[in-house]
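Let me begin by presenting the structure, written as C-alpha cells, before commenting on it.
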Amino acid sequence: MRPPSFDPTDSALTSLSPLAEPSADSDADAGDASAPAASVPADAHHAELATLFADDGTLAKGIDGYLPRSAQLTMAQAVANAIEAADSIIVEAGTGTGKTYAYLVPAMLWGGKVIVSTGTKNLQDQLFLRDIPTVRKALNAPVSVALLKGRANYVCHYHVERTSQNGRLSSRQDAAWLRQINLFLKTTKTGDKAELASVPENAPVWNLVTSTRDNCLGSDCAYYKDCFVMRARKEAQQADVVVVNHHLFFADVMLKDTGMAELLPAANTIIFDEAHQLPETATLFFGETISTNQILELARDSVAEGLSHARDAVDWVAIAAPLERAARDLRLVFRQDGSRLSIKQIDNDAALAKPFYEVLPKLEQALSDFTGALEAQAERAETIEQCHRRAVALCEKLEAWADPKPPKAPKKEGDDAGADSESAAPVDERVRWVEVFANSVQLHLTPLSIAPIFSRQRAGQPRAWVFTSATLSVRGNFTHYAAQLGLDRDRSMTLDSPFDYASQGLLYVPRDLPQPSDPRFTDAVLDATLPLIEAAGGKTFLLCTTLRAVNRAAERLSDEFAQRGWDFPLLVQGQASRTELLDRFRALGNAVLIGSQSFWEGVDVRGEALSLVVIDKLPFAPPDDPVLSARMEALEKKGLSPFAVHQLPHAVITLKQGAGRLIRSETDRGVLMICDPRLVEKNYGRQIWQSLPPFKRTREAETAADFLRSLRPDSEESPAGGSED
C-alpha cells in the first residue's frame, strides 16, 4: 500500500469517524467557529470592546507595545457573550492571539466575581504580578485581585515551631534552611514560600514547615488567627478577581461535592487558561487515592504528638511500629519503581499477586488497630484527636479501595447526551490501580469518565465558563476535548495564530528512520539530529516521550559533542529544576536541552536561543496504562474505536503542545523536526500534521540544515566553533 503523500499544500480532511465528523446526535457545531449563533445573546458590549481594542483605543494608549489583533477582539466579544448569558465557551487561541487580554478585559468589566484558573504556577504568578495589573491600570478598573495557592505553598506557624523544637532534620543544610524560614516568618505578609528564593522550591525542609489537609489543625490551632492559608482565603473571598491553579480549583470542587466545605468563593465567571490540562487534573481529583506516605506521615505525627501530650499513656513508638512495617512491606511487594499497574495486571502476575494480597489485609488491620489506639488517647490533646480523625479517614479510604462499591449514579438530566460521546460512560465505572514510586505506593480508584461529575458541578448556579488554550482541538474539531468534560453542547471556536508560520518555520520529517518500536530507534533519531544541531549552532530542544530516551540521548550526545569538539552546553532534565535549566538555556544562547513531558508545555523561549525543536516520536500514551486501558475497553464495549475516539486526539493535542515551543513571537524562526515515520506512512498521519502550525514541509535533511544555517549570523564560519573537515 502506498503511504499517504506529504504534500504541504494538501488541506483535504481525512474522514475518521467519529473524530473528524461528530454524529448528528452530538453538538455538531461544537468545533465550528462560523456555525450559526442563533442561541448567542445580542451583546451590547461589542461596540465598547471594539473601541477598547482599536489601534488608538484604551489598551493601545495604556499599554506600551500593545498591538491590536482581530482574533483578540473576536475572542473578547465571545467571552463577553458568555458572561452576559451565563453560558460556556471553548476557545482555542493560537500562540500570539493575545488570549490573556481577550478574556481579562470583559471579565474585569462585566464578569462580576471572577476566578481565573491556570495550569501552572508560572502563569498564575504572571497573571497576578504582570497581566492583571497592566489591564486594570489601562482600563482604570476598580477591581481587587487576590492570588490563592494550595496550602503547601504557605509556611505554617505551627509546623515551623514543631519542627524547630523536635529537631527532626536530616542534614545541616536543612537546619540552615530552617533558620532562614524562621527569619522569613517574622517579616513576610503572605507566607508564600515563593518569596523566599534562597531556599530551593524542592528543599526537603518545606514538607516539614507547611501543612497538608490531613495535618492542619484548623480553628483549633493556636496560630489560627495568624494563619497564612486562612488569610489568603479571606482575601480571595473579598476580591473581585481570584487567580488560582487547576489543582486548587478541583480540590475545592471535590470538597463541595462531598459537602465538607467551600474553599473557593462562589463566582459569576470561571476562566480556565491552559485548559487542555483540565481532563487529567480533574481525573486526579475526582478519584480517590491513598498512599503509604500518608500512612507513614500519620504514624510519625501521631508519635510526635503522643510523646508531647501523653508520653505516660502508652509506648507510642511501639504501637506505631506495626503500621509502619506494614506500609513499608506493601512497597517492598513491587520490584520496580515508576510502574503503574491495574488490579488485573497484578492478578495476572502470581509473583505479585501472592505477596500483595498477603500484605494488604495486614495493612488494613494495622491501620485499624492504630486508629483504635488513637481513639483511646484522643481526649488527652486536640492534636491527638486530629490524628485520630486522619486515621479514621485513611481507614475508610483503604477499605473503599480494597473492596470498592460503585457510587450511586445521579439522575440523568436528559436522554439526548449523545450515545457516541465519552461523556456517556457510566458514572459507576472506575478502575483500581497501583502506582509505585521509589519510597512509596499509591492506591488509586479512578473514574473512567469525569464528565458526569464535572457536569454536576457546572449545573449549580448560572455562571459563565470559559475554557481556553492554544491546543484543544484536532483540526478545529473539539469532540474529544468537549466529551471528556461533558461540554458537548457548549459553543467553541478556533482562532488562528497571527504568525506567518510558512515563512517563519519548517516542518522536517526525516527519511529512512526505523519504527519507534525498533530498539535502534533512539540512536537513529540522534544520528539524524546531529547534523541539524550543528547547522543550528546548538539552540535545540530535544523533546522525548520517555525518560529512557532522555537518558540515552544525554549519554550519546555528550560523547558525540566531545568527539567532534563541539562546544554546545548540554542541559538534561533532572540536572536542576526546570526553571533553572530554562534560565541557563536562555542565557547560554547555544545550548542543547533534553527533556521529557515537563518540557513539552508551559515553556516560552523567545528569540535566537532556540532554533530547532526535535520530537522523537508521536506522544501516544502507553496502551498498558491502567486508566487508558480501562477506558479503551469501555469504548470497545460501546462499539467505538478507542484509537480514533481517544488515543489519536489525545496524541494530537499533546504533539501540538510540543510543537508550540518553537515559534513564540512574530520574529522567531526555526525548524520543527518530528522523527516518527508514522506521521507520513500511516493513514492517520495526515490528521496529525494538519493539526500542526502550517509550516512549509520537507523530508530532505539538507533543506532543513540550509534553513537553520540561514538563521545564523556566522553562517560562513564553523557552526560548532571547531575545525571543519
Legend entry - Residue-averaged [θ]222 nm for the chain, counting only DSSP H segments that reach four residues, each worth -39500 (n - 2.57): -13000 deg cm²/dmol
Legend entry - Cα-centre dipole for the chain with unit charges at Cβ (Lys and Arg positive, Asp and Glu negative), debye to 20: 1120 debye
Legend entry - Most to least packed among 446-454, 200-208, 516-524 [average Cβ atoms within 10 Å]: 446-454, 200-208, 516-524
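What ranking, highest mean first, results for peptides 351-360, 535-544 when packing means the other Cβ atoms within 10 Å averaged over each residue?
Answer by packing, highest mean first, reads 535-544, 351-360.
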Inset, instruction - Pop the C-beta distance of residue 429 and residue 172 into the FRET formula with R0 = 45 Å and round what comes out to the nearest 0.05. - result: 0.30
Legend entry - Dipole of the chain [Lys/Arg +1, Asp/Glu -1 at C-beta], most positive-end residue of 499, 545, 573: 573
Inset, instruction - Multiply the residue separation of residue 46 and residue 224 by 0.36 nm, subtract the distance between their alpha-carbon atoms, and state the gained length in nm to one decimal. - result: 59.4 nm
Legend entry - Debye, to nearest 20: dipole size of segment 353-395, +1 on Lys, Arg Cβ, -1 on Asp, Glu Cβ: 180 debye
Inset, instruction - Label the chain by shape, choosing from rounded, prolate and oblate, from the square roots a ≥ b ≥ c of the eigenvalues of the Cα gyration tensor; if a/c is under 1.5 it is rounded, and otherwise prolate applies when a/b is larger than b/c, oblate when it is not. - result: rounded
Legend entry - Peptides ranked, highest mean first, by Cβ atoms within 10 Å: ranges 303-312, 704-713: 704-713, 303-312
Legend entry - Label-to-label distance, nm, for residues given as residue 564 and residue 187 (7 Å Cα→Cβ offset): 4.8 nm
Inset, instruction - Only Lys, Arg, Asp and Glu count, each charged at its Cβ (+1, +1, -1, -1), so figure out the dipole size of segment 501-710 about its Cα centre, rounded to 20 debye. - result: 540 debye
Inset, instruction - Please find the FRET efficiency linking residue 318 to residue 237, where r is the Cβ-Cβ separation and R0 is fixed at 30 Å, and quote it to the nearest 0.05. - result: 0.10
Legend entry - Too-long pairs where the Cα-Cα distance tops 21 Å, listed order kept, from 234/397; 121/189; 149/189; 637/682; 113/149; 189/225: 234/397; 637/682
Legend entry - Ranking of 214, 220, 273 by count of other Cβ atoms within 10 Å, fewest first: 220, 214, 273
Legend entry - Nitroxide proxy distance, nm - points 7 Å out along Cα→Cβ at residue 325 and residue 579: 4.4 nm
Inset, instruction - Taking the Cβ of each residue in 234, 617 as the centre, tally the other Cβ atoms inside 10 Å and list the residues starting with the fewest. - result: 234, 617
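Rule-based calculations on the coordinates, nothing more; no lab input. Source: prediction; values computed, not measured. Reconstructed Cβ throughout: ideal geometry from the backbone, glycine too, with neighbour counts over all protein chains shown.
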